Structure formats: structure tokens, C-alpha cells
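Colleague: Supplied in C-alpha cells, the structure appears directly below.
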Amino acid sequence: MNTAAYGDSRWLFPGRRAGQPMHPDALSALANDLDTPTITSRVYAIREHVLQMPTPVVAPRKN
């Protein structure tokens, strides 16, 4: 199903300028308008990413 305004765009969130993604500040403003806590969401996304990584990659190095 192709319901995006710019169906041939390679960006998930296309910007107003052709071939450019949406600016992070504009995306943040839209999320805030929807009462989505952006900082909390970012923290949880990073946490989930770290939990999926192999332990040797995440573990601190011993000197």
C-alpha cells in the first residue's frame, strides 16, 4: 500500500524540500503537538537498542 504524499521518496519523513528529509526540529514539534514525550521515547529506544546488542559490544573495557 502506498499512501504517502511522496510515494517515491526514500525518506520515512520527507521534508518540504525535494530530496531532503524532515528536519528533526520539525518532527519534534509535530510529536509534541501529539503530546508524545520525545525525550522519554528517545531514552526507551536507546535502551531497547542496547538490550539487543551483544554483551561484549556494550560491556565496559577492563584496563
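Colleague: Looking at region 28-44, which of the residues that are in a helix (DSSP H, G or I) and open to solvent by 60 Å² or more (accessible area, probe 1.4 Å) is nearest to R10 (Cα to Cα)? Write out each step before concluding.
Modeller: Looking only at region 28-44, we keep the residues that are in a helix (DSSP H, G or I), and these are 28-33, 38-44.
Those left that are additionally open to solvent by 60 Å² or more (accessible area, probe 1.4 Å): 30, 32-33, 39-40, 42-44.
On the way: L30: 20, N32: 25, D33: 25, I39: 26, T40: 27, R42: 23, V43: 26, Y44: 26 Å.
Across region 28-44, the extreme among qualifying residues is L30.
Colleague: Assigned to a loop (DSSP other than H, G, I, E, B) and not β-branched (V, I, T), is that true of N63?
Modeller: Details: assigned to a loop (DSSP other than H, G, I, E, B): yes; not β-branched (V, I, T): yes.
Against the criterion (assigned to a loop (DSSP other than H, G, I, E, B) and not β-branched (V, I, T)), N63 qualifies.
Colleague: Give me the pairs: first residue in region 38-56 and under 15 Å from P24 (Cβ atoms), second residue surrounded by 10 or more Cβ atoms within 10 Å (Cβ to Cβ), beta-carbon distance under 8 Å, and six or more apart or on different chains, which are they?
Modeller: Hits for this filter: T38/S28; T38/A31; T38/N32; S41/A31.
Colleague: Then there is this: Among the residues of region 1-18, how many are surrounded by 10 or more Cβ atoms within 10 Å (Cβ to Cβ) and at pLDDT 75 or above?
Modeller: 3
Colleague: Moving on. Would region 14-31 turn up any residue that is in contact (Cβ under 8 Å) with a residue 12 or more places away in the chain and under 13 Å from the mean Cα position of the chain (by Cα)?
Modeller: yes
The values are calculated or read from the model by the stated rules, or taken from the named source; none is laboratory data. Since the model is a prediction, treat every value here as computed from it, not as a measurement. Heads up, the Cβs are rebuilt from the backbone with ideal geometry, glycines too, and the neighbour counts pull from every protein chain shown. Ligands, DNA and RNA are excluded from the accessible area calculation, which covers all protein heavy atoms including side chains. Shrake-Rupley method; radii C 1.70, N 1.55, O 1.52, S 1.80 Å.
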